[in-house]
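Throughout, read-outs are computed from the coordinates displayed, never taken from laboratory work. Note that the structure is a prediction, hence the values are computed from the model and not measured. Quick reminder, even Gly has a Cβ in these numbers, built from the backbone with ideal geometry, and neighbours come from all protein chains shown.
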Ligand code: G6P
């Protein structure tokens, strides 16, 4: 194949391996927003995407899919265990989400993380044309920018960090903190979700590496004694709002929303939670608040049903196995105490659904509960808002989700304050239509005027403008 002028490097490829009814193996496009956002850029630039297919030990040659050149990176079962489940999701993930679960620091995992990052960097270098733009995604690949800069100094390198970057006092726990900072600083532009994340990163760079930072600029020394500038600032990610609006306006989806309400016994109010089953999401906190409202008699099970979609995630990591047990115990207790023959308190679904079904659920839900204890952005909050083309519904939003910086017209809560969360749920349930409309219109304005396309354009423009500004000492 021709080398590519634009290359995305991410842990996952933008496709899912699908086994058809006849056993035939095909590829389907992943539902994620990143895929949609980059689609036009990939097509125009004849782009390539380097990533893992999501299953161990699969040897797959590069192939074309939907106008994009896909370059699979092979991970052995051991790589998956040490690099993906271990270092990425049992060290970095909990550490960067404020140590909600205890991070484990294993030298064997760190070795695997370096080895696999090198493999991604080599694959990206091999497919990149001279002076190409390479955009590295997320915490699984923090060493790739520096590895690429060393092997291919001609490249323009961007990195976007989709999850939080923690405060210095937490980040400094990481035994390999300097290597990770150096890894990221291989990029010309390092993007974060929130201004606070970029600030935390700059502080860690100052404290650990003693590099100078000024506004969003960082002065990075080169090996030859010269310096270059890197940019570290916030680029809040978003969704492809119009595709949610289009679905929300479709008759089938609207009919499905009515059907969902009916199948729940037509309660007066439906509360909704939609998350990957992850300890960062505060699922237990919202269940506790809801359960107590039933216990207190402030709401009745006939009137208020809570639907929780918890999609399966990282199911072999111990903290996730334990979380699932705890959540399912809580659901069983609350339902056992409050269900009637005709009404259930919590309709719990440990499943993933296509986007059409999600939009129908958003339309069926009077109140959306986003109670994350820490979250890079939380796109579910934005999806709910984009789907409410009727300007109804109330978003209850944790101040610890990145989305809270933009969505000021939500009812903002501290999920640790169960009393406050209960009051917020009551306020949401009782909110008059006029106030719902006022708030929802203002939320929608923000989500519609800053879509994921704006996000990728802003990032790539910054990358373009910033590249090549050498400084000599
Ligand atoms: C978060 C991360 C992504 C990740 C996704 C799903 O949104 O920022 O990088 O792909 O979770 O997690 P998984 O481990 O299944 O890729």
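How high is the relative contact order of the stretch 241-449? Use alpha-carbon pairs under 8 Å, at least six apart in sequence, and give a whole percent.
The value is 26 percent.
Would you mind calculating the gained length between residue 417 and residue 215 on full extension (0.36 nm times residue separation, minus the Cα-Cα distance), in nm to one decimal?
69.3 nm
Sort the following peptides by mean Cβ neighbour count (other Cβ atoms within 10 Å, averaged over residues), highest first: 165-175, 369-379.
369-379, 165-175
Ranking request for peptides 35-46, 19-30: highest mean number of other beta-carbon atoms within 10 Å first, then the rest in descending order.
35-46, 19-30
With a Förster radius of 35 Å, plug the Cβ-Cβ distance of residue 122 and residue 18 into 1/(1 + (r/R0)^6) and report the FRET value to the nearest 0.05.
So, using R0 = 35 Å, E works out to roughly 0.80.
Can you tell me the relative contact order of the chain? Whole percent, Cα pairs under 8 Å, sequence separation 6 or more.
That works out to 14 percent.
For the stretch 268-334 and the stretch 167-241, write down the distance between their C-alpha centroids in whole Å.
Centre-to-centre distance over Cα atoms comes out at 36 Å.
Please work out, to two decimal places, the log10 of the ratio I(q)/I(0) at q = 0.11, 0.12 Å⁻¹ from a Debye calculation in which every Cα of the chain carries one identical scatterer.
The Debye formula, applied to the Cα set alone, gives -0.93, -1.10.
Listing 73, 195, 116 from the residue with the fewest other Cβ atoms within 10 Å to the one with the most, what is the order?
195, 73, 116
For a Förster distance of 25 Å, can you work out the FRET efficiency between the beta-carbons of residue 249 and residue 449, rounded to the nearest 0.05?
Working from the Cβ atoms, E equals 0.85.
Between residue 167 and residue 391, what is the label-to-label distance in nm when each label sits 7 Å out along the Cα-to-Cβ direction?
4.0
Would you please classify the overall shape of the stretch 1-153 from the alpha carbon gyration tensor, given that a ≥ b ≥ c denote the square roots of the eigenvalues, rounded means a/c under 1.5, and beyond that prolate means a/b larger than b/c while oblate covers the rest?
Oblate shape, in that a/c is at least 1.5 and b/c is the bigger or equal ratio.
What does the C-alpha gyration tensor say about the overall shape of the stretch 140-199? Classify as rounded when a/c is under 1.5, otherwise prolate if a/b is larger than b/c, or oblate.
Oblate, since a/c reaches 1.5 and b/c is not below a/b.
May I ask for the percentage of alpha-carbon pairs in the stretch 238-363 that lie more than 21 Å from each other?
For the stretch 238-363, the share of Cα pairs beyond 21 Å comes to 45 percent.
Given Cα pairs under 8 Å that are at least 6 residues apart, what percent is the relative contact order of the stretch 212-254?
Once normalised by length, the contact order is 23 percent.
Please figure out what share of the DSSP beta bridges in the chain is antiparallel and state it in percent, rounded to the nearest 5.
Of those bridges, close to 25 percent are antiparallel.
Dividing the Cα radius of gyration by the Kirkwood radius, what Rg/Rh value follows for the stretch 241-449?
0.93
Stretch residue 268-residue 29 to full length: gain in nm at 0.36 nm per residue minus the Cα-Cα span?
82.3 nm
Would you compute, from DSSP H runs of 4+ residues alone, the mean residue ellipticity of the chain at 222 nm, taking -39500 (n - 2.57) per run and dividing by the full residue count, rounded to the nearest 500?
That comes out to -13000 deg cm²/dmol.
Apply the a/c threshold of 1.5 to the C-alpha gyration tensor of the stretch 253-302 and tell me whether it is rounded, prolate or oblate.
oblate
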